[in-house]
Amino acid sequence: MDRKKQGTNTTKHLLELAAFTGSLILCRVRVGESCAPFGLASMAAAELTGVDPIFAGAGVVVGAFLSGEPLWGVMIAAAAFVLLTRLMKVVVGHVPSSARMLVFLLCEIAVLPFEMILTWRSSAYALLALALSAVAVVPMQRCWALFRHAGRLAVLQEKEQLTLSSFLGLLLLGMSDFAVGGISLPVILLDVYVLILVFTKGPEGLGEGILTAALLAFALEEGALLLGVTALCALMAALVAPYGRAYAVGAFLLSALVLAVFLGAEGETWRVGSALIACLVVLVLPREWMGRLELFFNSRQFGERNGAEAMDRWKRRMAAEVEEAARLCGALSGLFEEERAGDRFVVEWPLGAARRVCVGCEGRVLCQREEGDFDQAVLRLLSAYDRGEPVRPVSPMDSHCKFFREIMTSAYQSYNQAFVHEAGLRRAAEQNEYMNRQLNGVSAMLSVLAARLREDRWGDERVEGALFPYLMRRGFAPLSVDAYYPNRRLCLSIRLGPQGSENGAALAAAVGRKLHRTMRLIDQRREGQETVFEMEALQGLTARMARISLPEDEESVCGDETGELRMPSGKVVYAVSDGMGSGEEASRESRAAIDLLFDQYRLGVEKELIYENVNRLLIARGEKEIYATLDAASIDLVTGEAEMVKFGAPPTCLIRGGNVRTLSGEALPCGIVDEARPYIRRIRLKQRDRLVFCTDGVYDLLGKDMEAELKKGSGQPLDRMAAALMAAAKGRGQRDDMTIMVVEVA
């Protein structure tokens, strides 16, 4: 027998045993003196669920016989139902549920004379038992279905939990007299169930626990007292349940002891010993079991966990797809890998043309006796022709060759054609190399993105749950708080409503006080009526900047632009661009150069490709010859490393400890030729270092005096330092747009 079939048989036998036991216990619950509706309902529900009714029927018969005074009507109804259902299956085969339910009701109606005496009271109890039995079949059928599929159930919904609580309450009602020495088994089971509910669901589990206690209370003399004490103890346990299982159990037991002392002799009915045993049972349950029960009863938590697991699966699936795209880009890059042809055509084509002219010459046997010497002679003459030197036959050529002019003319024409052809091939090879670099760069970028999809943590409910009410109390009116961990660094995205403060510094300070961290504001933007703030936990240095610009014409727009890009990886990029000319057109070119640079950084493009892409994209978007200088610094605030990039920009000054150092490099501006490459220099910044960027309009006026001007104001605040330097430059006569940007790390 295979394991699957063996497991199925085990489940079947357990269900049959449960049907027998449940029906036996429920048959002890009477209505009047001679009616046991719930035992019969359990039998019918088990049969409708697919459990063999003979076991449930046997439980009903045994329970009815052992109930003090045998219930003959109940036993007859149970036996008749089992016999008729077996007979119908043999004769008809598959019997609809409605037909089996009808048979059950007919069996109960047929035995009504055995369950009542000819008095109105007895008749009323018999009819009530019939109604209760018919109504109870539906919820009990759901309970038996739960038992049947218990191994495959992951969570119980609210309706299913209410049904289970009702069924358990009826079982406890049937065991109400199971007590030894003041220790009540049904009270112990009730307390265990209530403790599990309040621990797994908190206050939401009180209703189901009280429902179970209310059903048990029907069989006890002090039922109302039991119900009230259970509700109060469960409430106290639910209030402290978030702090842990031990707190919930302790609060439950302490409440039971206090109430027993307060109630005095009446409190003995509460049976403190039963509460103590129940608390010990809950305490010794393994942690894995409690975790499973918490998910089983708490559908909300199960949904959150299932959603988190679904998000993890989605992340892994997306990471796999991105990795596949990275491999595809890497494979496509191989299509653009070609070996350069070298100068093969400028040699082969002119020599071939020269030999074709000599085909009809009788003297070529002597001239081309050594082909290598003849070829070298033709190539030397072509070089001499390029230099403007006189061209005459040389050895081994015949000095009186009548085809010499035709030979050199044909060779030179082929030489020019080969030169143009090879220039085209070199251009195509350069484009192929560019495409190869781009595809390799995209592949590397996608690989990094896939790694982040797998490793980055998305969401932190603890941080989000702590910040939201805190910011509400501080008057910021948050609409949402999202916590995430790119590169294992805490980042927050906080969305404020129209009534919220737009002071990002105040918001970052409030978040820092709550989380006991220093937060750095990354971005602040408007989305309709809402404002979104992005910030990260600070590690290492900080950076801030001041800038000032003056247009050449006071009534025009300054053609210079500056920008700051903060990224959630501890990096910040500063840039200054000076477009050709002045006014709005120059400003658009300057802004385009900075935007292209920042877009490359946001996407995570490799540094080797960022600057080449900016140059080429600026060329591609220009409808006419327009260019812009670009002066940028990418600073890693964790390590202090900075990469200085210059496209035709004037020198940058580094101020450290009152000393000024000039950082300069020659390079063409962006947007002129494809081959333009920037000057790149890497330095390491320290605390209180300052970088001073300026455009040509400032540097052309100050020149070498710029260092002296900077030393004068090296100790001033950033904005005053920038204003003083601008005033010194303007005092020498403004002839162009002027911009100064000062960056300080601390």
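For the stretch 79-94, which positions are out of contact with any Cys (no Cβ under 8 Å at 6 or more places or on another chain) and either under 27 Å from Met175 (Cα atoms) or open to solvent by 10 Å² or more (accessible area, probe 1.4 Å) (or both)?
Ala79, Val82, Leu83, Arg86, Leu87, Met88, Lys89, Val90, Val91, Val92, Gly93, His94
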Can you find even one residue in the stretch 215-238 that is outside any helix (DSSP H, G or I), among the aromatic types (Phe, Trp, Tyr) and open to solvent by 20 Å² or more (accessible area, probe 1.4 Å)?
-> yes
Hey, does the stretch 333-340 have a residue that's modelled with pLDDT under 75, loosely packed, with under 14 Cβ neighbours inside 10 Å and in a helix (DSSP H, G or I)?
-> yes
Got a sec? Which of Asp674, Asp719, Asp696, Asp689 is within 24 Å of Ile619 (Cβ to Cβ) and modelled with pLDDT of 85 or more?
-> Asp696
Inspect all residues belonging to the stretch 496-508 and state whether any of them is closer than 30 Å to Lys607 by Cβ and open to solvent by 40 Å² or more (accessible area, probe 1.4 Å).
-> no
Write out, first by first residue and then by second, each pair whose Cβ atoms fall under 8 Å of each other, whose residues are 6+ apart or on separate chains, and whose first residue, in the stretch 75-103, is free of Cβ contacts under 8 Å to residues at least 12 places away in the same chain while the second is of a type outside the set (D, E, K, R).
-> Lys89/Val95; Val95/Thr85; Val95/Met88; Ala99/Met88
Would a scan of the stretch 662-679 turn up a residue that is among the acidic types (Asp, Glu) and in contact with a helix residue (DSSP H, G or I) (Cβ under 8 Å, 6 or more places away or on another chain)?
-> yes
Among residues of the stretch 59-114, those that are touching a Lys or Arg at 6+ places or on another chain (Cβ under 7 Å), in a loop (DSSP other than H, G, I, E, B) and within 22 Å of Thr49 (Cα to Cα), counted | 1
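State which residue is nearest to the chain's Cα centre (by Cα) when the search covers only the stretch 569-589 and only residues that are among the charged types (D, E, K, R) and open to solvent by less than 20 Å² (accessible area, probe 1.4 Å).
Only one residue fits best here, namely Glu589.
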Look through the stretch 511-552, keep the residues that are of a type in the set (Asp, Glu) and under 25 Å from Asp631 (Cα atoms), and return whichever of them is least open to solvent (accessible area, probe 1.4 Å).
-> Asp523
Count, please, the residues in the stretch 510-534 that happen to be under 17 Å from Asp482 (Cα atoms) and outside any strand (DSSP E or B).
-> 6
Scan the stretch 356-415 residue by residue and report those that are acidic (Asp, Glu), open to solvent by 40 Å² or more (accessible area, probe 1.4 Å) and either in a loop (DSSP other than H, G, I, E, B) or within 18 Å of Phe345 (Cβ to Cβ) (or both).
-> Glu362, Glu370, Asp386, Glu389, Asp398
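The values are calculated or read from the model by the stated rules, or taken from the named source; none is laboratory data. For clarity, every value in this text was computed on a predicted model and none was experimentally measured. Neighbour counts run over all protein chains shown; Cβ positions are idealised from the backbone, glycine included. Note: areas computed on protein heavy atoms with side chains; ligands, DNA, RNA excluded. Shrake-Rupley method; radii C 1.70, N 1.55, O 1.52, S 1.80 Å.
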